[in-house]
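*Asks:* Here's a structure for you.
Every number in this text was worked out from the coordinates using simple rules, so none of it is lab data. Remember, predicted model here, so these are calculated numbers, not experimental data. Neighbour counts are summed over all protein chains in view; Cβ atoms, including those assigned to glycine, are modelled from backbone coordinates with ideal geometry.
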Amino acid sequence: MTDIPATAAAGRASRAGGTDMAGLRRLVSYAVLIGYLLFLLVPIYWLVNMSFKGNLEILNTMTLLPADPTLANYARILGDPTWYMGYVNSLIYVVMNTVISVTVALPAAYAFSRYSFIGDKHLFFWLLTNRMAPPAVFALPFFQLYSSIGLFDTHIAVALAHCLFNVPLAVWILEGFMRGVPKEIDETAYIDGYSWGRFFVRIFMPLISSGIGVAAFFCFMFSWVDLLLSRTLTSVEVKTIGVAMTRTSSATGLDYGTLAAAGVLTIVPGALVIWFVRNYIAKGFALGRV
Amino acid sequence: MLELRGVSRSVRGRVHIQSTDLTLQPGTMNVLLGPTLSGKTSLMRLMAGLDIPTEGRVFAHGRDVTGMRVQDRKVAMVYQQFINYPSMTVYDNIASPLRLMRKSRAEIDRAVRGTAEMLRLTALLDRKPLELSGGQQQRCALARALVKDSDLVLLDEPLANLDYKLREELRAEIPRIFRESGAIFVYATTEPEEALLLGGNTATLWEGRITQFGPAPEVYRRPNDAITARVYSDPPMNFAPCRKQGHSLTFGEGIHAPADGAFAGLPDGLYRAGFRPNHLRFEAHSGAAVAFRCTLGIAEITGSETFLHLTHGADNWVALLHGVHHFDPGTEISLMLDPAHVYLFEADGRLALPASYAAAA
């Protein structure tokens, strides 16, 4: 076993001598790949690195690894309700939004995929145009509207606001997946005696479960990363993590370590969700149309 | 009994089914025969209640079921694509219509196992449909359609997506399944051969219209008109102009035959002669046979048969010959036709005189 890598290496060396160009091309492609990965990963590494340092070390020296690793930053966040409740609140409205968006989008996407009605194509396109304006545009009207109907500073306010962006997206993704299911399955089920609701839940939803997963993932992600609307629509009762992170400046200066730890903890849920749906994401980005 | 009274359907101004009257008796096999887009599927969907006729009414057992929810109709349907519920096992697939009827567990089990036995699915009951071969998937779909004892079983080209071997196998089983079920079977196909093999009644369809409906051999031997004859012949029937004058028939460009027997009673005039591709032969099979000199377009050779695509005057013909025959394109070929195999149609397509061999049969 041990001599195999040796011979392989020798073979590679002799071949490299023969084809300099190919070797060079491979070298360049590796360099580009590694450079790109570094470019992507260094900020994340730096964040993780900082989260294990004290503020003194962060400000005074530049170290690649924490000289004096500490969990104090994490302890502060997990021990202080004003910090960790930020995560809880954010998770609450994100989950609410995901559930509402997917629940609302399922029948809508079914209608678009199965029936033709007057203006269906225009309506379908119009749905997507909702995503074309930056959330900031809607911050003021939402603030004004929710304040006047008493929804300001509640979880549902943020969840509903995010629906404006997530429902169209979920409809688009789900419609793509539903289109892939032959209409004959619906008809066979009706002939067999299934009512629409029963057919939809028992037969149809299992068929597009990966689509539902992808749609839920995109709703989760967009809702989770949005800071602007959630900050605008909440204040005291519902403090989101975004709000909590802007409070780290105090009389003693900026608390870099805690901020970094909060950042790491913010990345974790998204990374977890991505891990679960990693096999379907490509299909989701193509809106189910691959 | 299923009755269509003046049923028609148009979608956005396009006529899919022209006004149709059709009565299917209980316990009969009925084959809808026609080329693609002739309206077989549209007609079936009207029978099933999946589509509502633009005009006319549908009656089942004398009761008007037009516009009734398809869930409340006692029908079953099998599509050309293999349609099963992928997330359920074969057992649950077959059981699902019965569960919706709220039958008892024991009753369901008995029915499912019985039907599975009939369709040779017993060993596969615990599998998921997508783990099965195409033939097995279609058998599962058939089982689901048959298990619920519906009055009307619609099979829309159920064998079209299967490979040759499986198709033959299932086709042999369908008449047996049909006899055991006692329901009205409606079977759509594009192949005349299939219609003849299945027997029962044949309805020939052309451009959304039923051109003829009757027992399969009857429709095959005595087509009402040239269109029916064309549809119920594979390859399609050959046609040639034909003039009858006194005691003589003149085909195409001056091929003469005596107008004796049944031909003698026909008024003089211009007709269209039609004959099936398998009736053109190399050797004369009777003294009355006349020879046609044709120019060969291409020859297609299967294992044991040869299809010759020919031109004779202004007409394009196909000859289906037994055995393998090699010819170069452009060859002049002389082929014999017995006038007893010739159908004569009026200029408007109506049958003027059936071929005498068919009339005798």
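*Asks:* Please give the length that would be gained between residue A:117 and residue A:75 if that part of the chain were fully extended, namely 0.36 nm times their separation in residues minus their C-alpha to C-alpha distance (nm, one decimal).
*Replies:* Numbers: separation 42, 0.36 × 42 = 15.12 nm, distance 5.72 nm.
Value of the extension gain: 9.4 nm.
*Asks:* Something else: GNM on chain A, C-alpha springs below 10 Å: top fluctuator among A:110, A:190, A:36?
*Replies:* A:36
*Asks:* Let me ask something else. Per DSSP helix of 4 or more residues, -39500 (n - 2.57); summed, then divided by the residues of chain B. What does that give at 222 nm, rounded to the nearest 500?
*Replies:* After summing the helix terms and dividing by residue count, I get -7500 deg cm²/dmol.
*Asks:* Also, I was wondering about something else. Excluding residue B:249 itself, calculate the net charge of residues whose Cβ lies under 14 Å from the Cβ of residue B:249, where each Lys or Arg counts +1 and each Asp or Glu counts -1.
*Replies:* Net local charge, residue B:249 excluded: -1.
*Asks:* Under 5 Å between amide H atoms, partner at least 5 residues away or on a different chain: which partners does residue B:125 have, H built in plane at 1.01 Å?
*Replies:* Placed amide hydrogens put nothing under 5 Å from residue B:125.
*Asks:* Let me ask something else. Counting alpha carbon pairs within less than 8 Å and at least 6 residues apart, what relative contact order, in whole percent, applies to chain A?
*Replies:* Numbers: 273 pairs, mean separation 84.8, N = 290.
The value is 29 percent.
*Asks:* Given a cut-off of 28 Å, name the pairs among A:183/B:148; B:40/B:244; B:103/B:165; B:74/B:128; A:183/B:128; A:121/A:183 whose C-alpha atoms lie farther apart than that in the structure shown.
*Replies:* Those over the limit are B:40/B:244; B:103/B:165.
*Asks:* Which ³J(HN,Hα) values, rounded to whole Hz and listed in residue order, are derived for segment A:88-102 from phi using the Karplus coefficients 6.51, -1.76 and 1.60 in 6.51 cos²θ - 1.76 cosθ + 1.60 with θ = phi - 60°, glycine and proline given as x?
*Replies:* My calculation for segment A:88-102 gives 4, 4, 4, 4, 4, 6, 5, 5, 4, 4, 4, 4, 4, 4, 5 Hz in order.
*Asks:* Would you mind finding the longest exposed-site-free stretch of chain B, with exposed chymotrypsin sites (Phe, Trp or Tyr not before Pro) meaning DSSP loop and at most 16 other Cβ atoms within 10 Å?
*Replies:* Details: sites that count: B:282, B:327.
Counting only loop sites that pass the neighbour cut-off, the longest clear stretch is B:1-281.
*Asks:* Would you work out the charge dipole size for the protein assembly as shown about its Cα centre, treating the Cβ of every Lys and Arg as +1 and the Cβ of every Asp and Glu as -1, and quote it to the nearest 20 debye?
*Replies:* Rounded to the nearest 20 debye, it is 1420 debye.
*Asks:* Please compute, for peptide B:136-145, the average count of beta-carbon atoms on other protein chains lying within 10 Å of each residue's beta-carbon.
*Replies:* Numbers: counts 0, 0, 0, 0, 0, 2, 0, 0, 3, 3.
Mean inter-chain Cβ contacts per residue within 10 Å come to 1.
*Asks:* Give a residue-ordered list of calculated ³J(HN,Hα) values for segment B:142-157 (Karplus: 6.51 cos²θ - 1.76 cosθ + 1.60, θ = phi - 60°; whole Hz; x for Gly, Pro).
*Replies:* Karplus-based 3J(HN,Hα) across segment B:142-157 equals 4, 4, 5, 6, 8, 5, 8, 6, 7, 6, 10, 10, 9, 10, 9, 6 Hz.
*Asks:* Once you order the gyration tensor axes a ≥ b ≥ c over the Cα atoms, which shape class does segment B:235-358 get: rounded for a/c under 1.5, otherwise prolate or oblate by comparing a/b with b/c?
*Replies:* Working: a/c = 1.97, a/b = 1.86, b/c = 1.06.
Prolate.
*Asks:* Moving to a separate point now. If you take the beta carbon distance between residue B:105 and residue A:200 as r and set R0 to 22 Å, what does 1/(1 + (r/R0)^6) give as a FRET efficiency, to the nearest 0.05?
*Replies:* 0.30
*Asks:* If you don't mind, there's one more thing I want to ask. Under a no-solvent Debye model with one identical scatterer per Cα of segment A:196-267, what's log10 I(q)/I(0) at q = 0.25 Å⁻¹?
*Replies:* Values, matching the q order: -1.12.
*Asks:* Here's something else I'd like to know. Picking from A:67, A:109, A:261, which is most flexible by a Gaussian network model of chain A using Cα springs under 10 Å?
*Replies:* A:67
*Asks:* With the crude spin-label approximation of a point 7 Å out along Cα→Cβ, what separation in nm comes out for residue B:164 versus residue B:305?
*Replies:* Each label point is offset 7 Å from its Cα along the Cβ direction, giving 1.2 nm.
*Asks:* Just to verify a number: FRET efficiency for residue A:274 and residue B:37, C-beta to C-beta distance, R0 = 30 Å, to 0.05?
*Replies:* 0.05
*Asks:* According to the square roots a ≥ b ≥ c of the eigenvalues of the Cα gyration tensor, what is the shape class of segment A:75-286, taking rounded for a/c under 1.5, prolate for a/b larger than b/c otherwise, and oblate for the remainder?
*Replies:* prolate
*Asks:* GNM, chain A, Cα, under 10 Å: largest mean-square fluctuation among A:146, A:87, A:194?
*Replies:* A:194
*Asks:* At R0 = 30 Å, how high is the FRET efficiency between residue B:243 and residue B:357 if r is their beta carbon distance? Nearest 0.05 is fine.
*Replies:* 0.85
*Asks:* Summing Lys, Arg as +1 and Asp, Glu as -1, what charge do residues with Cβ under 13 Å from the Cβ of residue B:169 carry, residue B:169 excluded?
*Replies:* Neighbour charge sum, excluding residue B:169 itself: +3.
*Asks:* Still on this model: Averaged across the residues of B:92-104, what count of C-beta atoms belonging to other chains lies within 10 Å of each residue's C-beta?
*Replies:* Working: counts 0, 1, 0, 0, 7, 6, 2, 2, 6, 2, 0, 0, 0.
Mean shielding count: 2.
*Asks:* Determine the equivalent ellipsoid of the protein assembly as shown by diagonalising the alpha-carbon gyration tensor, then write out the semi-axes as square roots of 5 times the eigenvalues, largest first, rounded to whole Å.
*Replies:* Those come to 72, 34, 24 Å.
*Asks:* Could I ask something else about it? What translational diffusion coefficient, to the nearest whole µm²/s, does segment B:2-230 have by Stokes-Einstein, given a Kirkwood radius computed over alpha-carbon pairs, a temperature of 25 °C and 0.890 mPa s viscosity?
*Replies:* Reported coefficient: 135 µm²/s.
*Asks:* Taking 7 Å along the Cα-to-C-beta vector as the label spot, tell me the residue B:10-residue B:193 distance in nanometres, rounded to one decimal.
*Replies:* Computed distance between label sites residue B:10 and residue B:193 equals 3.9 nm.
*Asks:* Sticking with this one: Can you give the mean number of other chain Cβ atoms that lie within 10 Å of the Cβ atoms in peptide A:182-189?
*Replies:* Mean inter-chain Cβ contacts per residue within 10 Å come to 6.
*Asks:* If exposed means no more than 16 neighbouring beta carbons inside 10 Å and the site is in a DSSP loop, what's the longest run of chain B without any exposed GluC sites (Glu not before Pro)? Intermediate results must be reported in sequence, preceding the final value.
*Replies:* On the way: sites that count: B:207, B:253, B:283, B:346.
Here the longest run is B:1-206.
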